[in-house]
1. Are there helices (runs of 4 or more DSSP H) fully within segment 655-741 with at least 2 residues that are of a type in the set (V, I, T) and in contact (Cβ under 8 Å) with a residue 24 or more places away in the chain? List them.
2. Name every residue in segment 924-935 that is crowded, with 20+ Cβ neighbours inside 10 Å, out of contact with any Cys (no Cβ under 8 Å at 6 or more places or on another chain) and touching a residue at least 60 places away in the same chain (Cβ under 8 Å), in order of residue number.
3. If you take just the helices (runs of 4 or more DSSP H) that sit entirely in segment 767-867, which of them hold at least 2 residues that are over 26 Å from A938 (Cβ atoms)?
4. Looking at (1) surrounded by fewer than 18 Cβ atoms within 10 Å (Cβ to Cβ); (2) in contact with a Pro (Cβ under 8 Å, 6 or more places away or on another chain); (3) under 19 Å from I1103 (Cβ atoms), find the lone condition where V1070 falls short.
5. Using the structure shown, decide if R171 is charged (D, E, K, R), outside any helix (DSSP H, G or I) and touching a residue at least 40 places away in the same chain (Cβ under 8 Å).
6. Quick check on my filter: what residues within segment 761-788 are hydrophobic (A, V, I, L, M, F, W, C) and in contact with a helix residue (DSSP H, G or I) (Cβ under 7 Å, 6 or more places away or on another chain)?
7. Within segment 343-373, how many residues are modelled with pLDDT under 90, in a helix (DSSP H, G or I), within 14 Å of P311 (Cα to Cα) and out of contact with any Ser or Thr (no Cβ under 9 Å at 6 or more places or on another chain)?
8. Surrounded by 20 or more Cβ atoms within 10 Å (Cβ to Cβ), in contact (Cβ under 8 Å) with a residue 24 or more places away in the chain and under 18 Å from I773 (Cβ atoms), is that true of P992?
Amino acid sequence: WGKSYILVPTTPLVKQVYQKICEYADKIGINVNVIRFHSKMRVSEKREFYNKLINGDFDILVSTNKFLSTRFDDIKNNIFKFIQVDDVDAILRSSRNIERILRLLGFDDDTIKYSMEEILLKRRLVRIRDPTEREEIIQRIQEINKFLSGKRGSKNILIVSSATGRPRGTRVKLFRELLGFEIGLRSETLRNIYDVYQITTDRDAKEILLELIKKLGNGGLVYVPVDKGIEYAEEIADYLRSNGVKADVFASGRYDVLDKFLNRELDVIVGVAIYYGVMVRGLDYPERIRYAIFLGTPRFRFSARFDDPNPIQMSKTLTLLRDIIKEDKGEIDSMIRVLNRIMKTFTIAQYKRILEVLKGGRAAETKLEFRILDILEYIRDMLSRDWVREGLKKHPDVEIEEKDGEFYLIIPDVMTYIQASGRTSRLYAGGITKGLSIVLEDREKLIKTLIRRIEWIFEEIKWYRLDEVNLEKIVEEIDEDREMVRKVRTGEIKKEIEDPVKSALLIVESPNKAKTIARFFGRPSVRRRDHNIVYEVTIGNLILKITASGGHIYDLITYDDREPRDGEYHGVKIVDGKFIPIYHSIRRCLDCGYQFASSSDKCPKCGSKNIVDSMDRVKFLRDLALEVDEVLIGSDPDTEGEKIGWDTAMLLRPYTKNLYRIEFHEVTRRAVLDAIKNKRGFDKNLVEAQIVRRIEDRWIGFELSHKLVTEFRDDIVRRRGKRWWGRYSKGGWSAGRVQTPVLGWIKNRWSDAKKSVKEAVVYEIPDPYNIRIEIPRDELPLIYRARIRSVKSRIEASEPYVEEVNPPPPYTTNMLIEDANRIMKLGADDIMRIAQDLFESGLITYHRTDSTRVSDAGIGVARTYIYNKFGGEADKIFKPRKWGEAGAHECIRPTKPIDTDTLITLILEGEIITPTPLKKEHYRLYSLIFNRFMASQASPAKLLRQDIKVYVGDKLLYSEKRTVDIIEEGFIKLNPHFITVKKLVKPTVIKPNVIDTDRKIFLIPGYTQGDVIRIMKEKNIGRPSTYAKIIKTLLDRRYVVESAKAKWLMSSEKGDEVYNFLITRYRDLVSEERTRLIERYMLEIEEGYRDYIITLRELYDEINRIAAKEFVTRVLEETYRGEFRIRIPGFRR
């Protein structure tokens, strides 16, 4: 097997590891030569150690990290098959230790040196803007890559552990470059805890603490707030001891107290709730620790004078100020980003230098240090202002304390609570232990803020009041778990649990989605191979590897010459009346981005040989599948996603027998865990429907597109000349069953719009009416046509009346596109791209849906948000609704109870990390979705309405139902932009102002993208997954163009010609009716009511008539429509 080396940080651990290895070797009856070195060894032991080390007379070496640094020359000639580094953070205190470890794994000096150079060059490349310099760096990186080709990776094994999951410094990146992995950290949010609180305003918290400890028994941790310090911890320990509880204070350096606690000589230990404290991060004893009690909410408390400033306090304060000083929001956001960069990326030494500058111990030298001092001065200045302090007193996320003339800010410390309470619930070989966490707090606002902020980030954490839980039952559950831990550790549980921890591979479509899911479970370990990445996390009884397939892996084959093969029709082989799809892996050109499914080594579009093949990713997936017990495929929850998952499963089937489909409609931790629990097989009906859909798209697309570049081209060249064909060939040619009727709608609407243009007079009736009227001249009464400026209008206004208005339903895909297109002026494709980013970031549910259904989880999100925002008022506002019928699909809604401002804040604070940076459009679209959904779960509004009519003579020119007041806001509280309140008016006769006398207006407006998609939905043509794609294709092909201001879609000359050709010759193929029928066929296959083979045969017979030139839509000798002359193939005059 070879030699192994185990590195640990301290001498006691060297002794412990050495002893354990010897015990295990003795138990299983093998002879292992183990040597160890530590500072407490006798001279004779050290001499014996060195003799064995130098002669290579050992199997396993155990030493401290310091030994590696000081005695590397003594061990550098050994190559180790296995190295384990416990506490890589300590190893990194000597920057050369990474290189030393790599040398011991078998890497030579040149490989390490050039890898380090590549890391530095890549970092430099990010900052360089000069094209020449960038080109030189890229060329050098390519040279290094060529040298390192075949030298990356190792057959030897390295295992590292980290207390932080964030080992800092440049050299640690050598692990990524040479071994293809990054260090991770288990999630402290991986918990199985009852979270309980008690408001203690009416009783002494110490008395309640004592009662709880006597009920719960031993194995408890007691935390005091950091601002009260170790002195208060001592006071609490004294109080407990005086009342018969064996307690002591545990702090840094007092490890004898911990030993007593573990040996059951103490019932509880008391410590300070501070993020990096030993009581918060340093305890991992699932068998011993049963519960935690917080004597006050974990918090930050600091003076408004900022006498002892640090970046954490400064960032927290700025987050509060951005809600109060709204005019400085942009600048404050910039300040927060600077502080977060320091906290996330700086080494300990760099961070200490910043603290020295902030506390006046050293003068600022760098641009960043001066910037930090400016930020501190800004905070101090703002906090000295009375109006800012008044704003802070009203702010829901901070408690203010005024004491002895000082102004203190108290902010709940969410992550310290999560870390500290997490000590009660730890991973072990059988899962996650049950724990109990109780917060005793006399400030109700503080605990409510803690709960609210935790709910924003960790949706599965539920809180209970102390009087709502049965402590005896909870204690029973905790003790059952501790007994299980004991049995697992002593080996008694072998017969009951043969394989308590399994491994699984989760494959999703998108790399961003894989990254988001991985982050739910801590800082994942990362392994890389070429361009492929897999994240590794632990979720209790499952070690989970998460990676992405990249979507479709293969497609129907195409051939460069596009000529049909014997017995094959556009990628489908036909044998004895059966249809067999022929698939090929999808290849992508790295130069032009074109994708194709053929065996060609050259890009059919640009001729480049710089090609990447999806089979490279399949090989990576197959290797991963061999490492795990089961494979879970989590492609998108729709028909296309089912087929993508099926394809992936078929390619992995020979490599693993346990393949399952999991489905989640939102990328949240809860949804993913639920999906894993409810894994299933593949839905064959959905797969068959997608097979038919793809074959049908290929057949009709290829045939009709072929007709466009043959028959249509011949006809156009004959009628319009080669120049016209050449000019309009830009954008390419394509035709499809859905695309054609949609093009027809746009063409006809634009034709009608152009015909409706008239000269109009524009009148404006001023405040309080604020009415603008555009009226064609020829619709004015005759007496006013010659006297336009003499017009008098009669305004009729009804008596105001109350009307109850229900909220609109939550968004479906078509409704979202329609609103976003109208409000944000974005195209359908951009809207869906932004929605995809929000979905993959775990912020909204799946965005391709035609359902308005709201799940119980969705109602829970609305309940949490509305009750947090409106408090006691919420009972009147919250009105839960399911909306759509029961089913698998759901509406588009937020996944967390956080509005847009809160989302921005949490991202700035680093509490929420998205796989791609969110921009202004992301926040605007999220705001639309959030407001619409929250309103859908609120009570109706009562509005005071008034009907307005404007006449000239007897002709009605304008009518309006206007809202003049809001009697009961209801859902409008949650979606204030839903309605505009105007002034109440009286009937009158008034002479309007003439704004324009000869304005050209469209009586019939053109369609917007939102209009077209609404019609597609109404007419059952297309699907949520293809709405945007259809519009994009029409724009890309230049069949339609979009006006700059009104965003109307207008058919081009090219589009008109194509539509006329297709609808005249192939109407029965591309008509609305036929397209709708085919969509119904697909739905029937999905639901299992229709045989997909029969459907394929019908489609083949239909389309084959085109190829055979037997398909004629109209029996005509010759047809003329304007200049468009149709020539029917095969017909002679």
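The values are calculated or read from the model by the stated rules, or taken from the named source; none is laboratory data. Just so it is clear, the structure is predicted and the values come from calculations on it, not from any experiment. Glycine also receives a Cβ, built like all others from the backbone with ideal geometry; neighbour counts cover every protein chain displayed.
1. Filter on segment 655-741 gives 669-677, 684-707.
2. L925, Y926, L928, I929, R932, M934, A935 - these are the residues of segment 924-935 that are crowded, with 20+ Cβ neighbours inside 10 Å, out of contact with any Cys (no Cβ under 8 Å at 6 or more places or on another chain) and touching a residue at least 60 places away in the same chain (Cβ under 8 Å).
3. 782-785, 828-840
4. All conditions are met except number (1).
5. For R171, the condition - charged (D, E, K, R), outside any helix (DSSP H, G or I) and touching a residue at least 40 places away in the same chain (Cβ under 8 Å) - is met.
6. Answer for segment 761-788, where residues must be hydrophobic (A, V, I, L, M, F, W, C) and in contact with a helix residue (DSSP H, G or I) (Cβ under 7 Å, 6 or more places away or on another chain): just V761.
7. 6
8. Taking the combined requirement at face value, the residue satisfies it.
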